[in-house]
Amino acid sequence: MEEFNNSLPGRVTVYSIQGCPHCVQAKATLKQLGVPVCDVDMGSHSELRVKLKELTGRSTVPQIFFNNVHIGGNDDLQKLAPDELQRLVTLVKEEPLPADAPPLPQSNSSQDGAGENDGEFKCERDELADLVEDLKHGGVIGSHRRGLTLYKKSFSGGQLVDWLQKEKGMARAEACKTSQALLQKKYMVSVHDCGQKDGGFGEGKDTMDSLFRLLEDDPHSALNSGQTAACSPIQAADLSLLLREMILKLFSEHLSADGKSVDYKGMSANPAFERYCELAIQLQRVELMSLSREEKLAFFINIYNALVIHGYLRMGAPTNMWQRYRFFNYVSYLIGGEVFTLQDIENGVLRGNRKGVAQLRRPFSKTDPRLQMALPDAEPLIHFALNCGAKGCPPIKTYTPQDIDSQLRTAAEAFLENDDACVVDSGKREVRLSQIFKWYKADFGGTDEKLLKWVLDHMSDSPKKTSLQGVLSAGKTKVSFLPYDWGSNSSH
């Protein structure tokens, strides 16, 4: 919570979240008025969310109050007539704060300072990390031929066991057990087709002949590969939260004063981005198999949103459908020993392994180990939580497993409140919706009728909801889709 100049009797209260362009713009406008502004970060004070919705009837941020007068969001602020704005400024300057002024967080709030620990991650070096370093320089790794294929930077199971016995003084049984641990902890992967795809490392001839590679030598283009994750694995949920908070803070620092563009160049030169990249490497060996549905949802939504920004920094933002298709099918992280592209996360995991836009087949085949990560069903609410950086997307947030379902519902409500997502034209008996509903119509029931019912069920009580109810009860409603804004938010 931030406060400016507080010598006046009243105050302006702004409820906002980090990384929200509309909030940044509103605060820049208010700052010029010479009145005290109290900024309440809803990301740290989610306990106020219900109260704010009661007061305003809205789920979006920012929400702005002059003393106890609610004026609405950033658009409402920008549209105020000069004399009306002057009247509100005078109110704050001359009238003391009334008893029913909007609430501020309790200073001892349990949520206070959430996300303040970014970059504070303490790496406890994993016991096997030093062994891997020695293995790199142990003369074991080389090129091996199997049939017609040459496998570079590989070694056989037998070579590894021999090296552990000879160089590390292990008994054979211990050497086999250590090799199994290296495989299980995803320091190394099987590369030979008839090898140990299931992660078993036994005494048999098959294992000793099988070829392996260190995970960092396995050829893939993931943005967090090519270096060993040497820390003891961190809980997946904690790691995704940390990464999300770090990149959100970075994003906020490089958002322009009008909230309309992001200086990605400045962002990639920021030392905090290097810390982010070091932490992203730790995703390589994170344990995903034990995650519950809620943990999976929060983990993959947070990682997706962080990866989009990381992808922009490395490749630039896509500006048309074709570039977007390439970006989402190429930008990836190595997570728990497997590569996940943005497309794999959205359609493979979060949509329960369904085909995406312009895709001919499902992301994961029946034998793909990543299929175990897929949620049993498509979760339609994820579409409002995945921030794709185009101006037509929902605001960025960090998600937590404890509260994921209500957070996703709030994201959907906030999305539908915007006129670039849903417009109800009572005169024409027409509802115009975001392209997201067209692209993923199957997730919302598959027919116009079911789609409109879904939208109605997920709107917060508002004049827009009332007009939608009116249009629907009159029968035969026309559904059309709004143009999608591909305008990138990059300042370069």
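I need the shape label for region 408-492. Rule: rounded when a/c is under 1.5, else prolate if a/b > b/c, else oblate, with a, b, c from the alpha carbon gyration tensor.
prolate
So what's the back-of-envelope 222 nm ellipticity for the chain, counting only DSSP H runs of four-plus at -39500 (n - 2.57) apiece and dividing by all residues, rounded to 500?
The helix contribution divided over the chain gives -11500 deg cm²/dmol.
Taking a ≥ b ≥ c as the square roots of the eigenvalues of the Cα gyration tensor of region 191-308, is the shape rounded (a/c under 1.5), prolate (a/b larger than b/c) or oblate?
Prolate is the answer for region 191-308, as a/c is 1.5 or above and a/b outweighs b/c.
Using all Cα-Cα distances in region 31-82, what percent lands in each 5 angstrom bin from 0 up to the longest?
Percent of pairs per bin, in order: 4, 17, 28, 28, 14, 7, 1.
Taking θ as phi - 60°, what are the ³J(HN,Hα) couplings along region 312-329 by the Karplus curve (6.51, -1.76, 1.60), each to the nearest whole Hz, with x for Gly and Pro?
Whole-Hz 3J(HN,Hα) from phi for region 312-329: 4, 5, 8, 10, x, 8, x, 10, 8, 4, 5, 4, 5, 4, 5, 4, 6, 9.
For region 298-370, rounded, prolate or oblate, judged on the Cα gyration tensor with a ≥ b ≥ c (square roots of eigenvalues), a/c < 1.5 rounded, else prolate if a/b > b/c?
oblate
By per-residue mean of other Cβ atoms within 10 Å, what is the highest-first order of 201-211, 348-358?
By packing density, highest mean first, the sequence is 348-358, 201-211.
Let me see the P(r) profile for region 221-268: every Cα-Cα distance counted, bins of 10 Å, each bin given as a percent of all pairs.
Pair shares across the bins are 21, 37, 31, 11, 1.
Which of the pairs LYS31/LYS79; LYS185/LYS205; LYS53/LYS465 have their Cα atoms more than 19 Å apart in this structure?
Over 19 Å apart, Cα to Cα: LYS185/LYS205.
Rounded to the nearest 10 degrees, what's the angle between the helix 271-281 long axis and the longest principal axis of the chain, both from Cα atoms, 0 to 90?
50
Could you compute the FRET efficiency for ASP209 and LYS453, with r as their C-beta to C-beta distance and R0 at 45 Å, rounded to 0.05?
For ASP209 and LYS453, the calculated efficiency is 0.15.
Working from the alpha-carbon coordinates of region 2-94, get Rg over Rh, Rh being the Kirkwood radius.
0.93
What angle, in degrees between 0 and 90 and rounded to the nearest 10, separates the Cα long axis of helix 172-184 from the longest principal axis of the Cα atoms of the chain?
With rounding to tens, the tilt is 30 degrees.
Could you derive backbone 3J(HN,Hα) for region 142-155 from the dihedral phi with the Karplus parameters 6.51, -1.76 and 1.60 (θ = phi - 60°), listing whole Hz in sequence and x where the residue is Gly or Pro?
Running phi through 6.51 cos²θ - 1.76 cosθ + 1.60 with θ = phi - 60° gives x, 9, 10, 9, 10, x, 9, 9, 9, 9, 7, 6, 10, 8 Hz.
What's the local net charge at HIS458, with K and R +1, D and E -1, over the other residues with C-beta under 9 Å away?
-1
Give me the Kirkwood hydrodynamic radius of the chain in Å, from all C-alpha pairs, to one decimal place?
Answer for the chain: a Kirkwood hydrodynamic radius of 25.2 Å.
For the pair ASN320 and GLU294, how long in nm is the line joining their label points, each one 7 Å along Cα→Cβ?
In this crude spin-label approximation the distance works out to 4.5 nm.
Modelled label-to-label distance, VAL69 and THR149, 7 Å Cα→beta-carbon offset: nm?
7.2
Per 0.36 nm of contour for each residue apart, how much would the distance between ALA257 and CYS277 grow if the chain were fully extended, relative to their Cα-Cα spacing?
This chain segment gains 4.6 nm when fully extended.
Can you give me the orientation-averaged projected area of the convex hull built on the Cα atoms of region 236-379, in nm²?
With every direction weighted equally, the projected area is 8.9 nm².
For the chain, take the longest principal axis of its alpha carbons; what is the angle in degrees between that and the long axis of helix 82-94, to the nearest 10 within 0 to 90?
90
Determine Rg/Rh for region 333-453; Rg is computed over alpha-carbon atoms and Rh is the Kirkwood hydrodynamic estimate from the same atoms.
With Rg and the Kirkwood Rh in hand, the quotient comes to 1.00.
Please turn the phi angles of region 443-456 into ³J(HN,Hα) values with the Karplus equation 6.51 cos²θ - 1.76 cosθ + 1.60 (θ = phi - 60°), one per residue in order, whole Hz, x for glycine and proline.
5, 9, x, x, 10, 4, 4, 5, 4, 5, 5, 4, 4, 4
What would the Debye equation give as log₁₀ I(q)/I(0) for region 129-217 at q = 0.22 Å⁻¹, counting only Cα atoms as equal point scatterers?
Log-scaled intensity ratios, in q order: -1.10.
With +1 on the Cβ of every Lys and Arg and -1 on the Cβ of every Asp and Glu, and nothing else charged, how large is the dipole of the chain about its Cα centre, in debye rounded to the nearest 20?
With only Lys, Arg, Asp and Glu charged at Cβ, the dipole is about 1840 debye.
Any idea how far the Cα center of region 405-423 sits from the one of region 58-97, in Å?
Taking the Cα centre of each part, region 405-423 and region 58-97 sit 23 Å apart.
Here, each number is a calculation from the coordinates, and none is a lab measurement. Owing to the predicted nature of the structure, the values given are computational and were not obtained by experimental measurement. Heads up, the Cβs are rebuilt from the backbone with ideal geometry, glycines too, and the neighbour counts pull from every protein chain shown.
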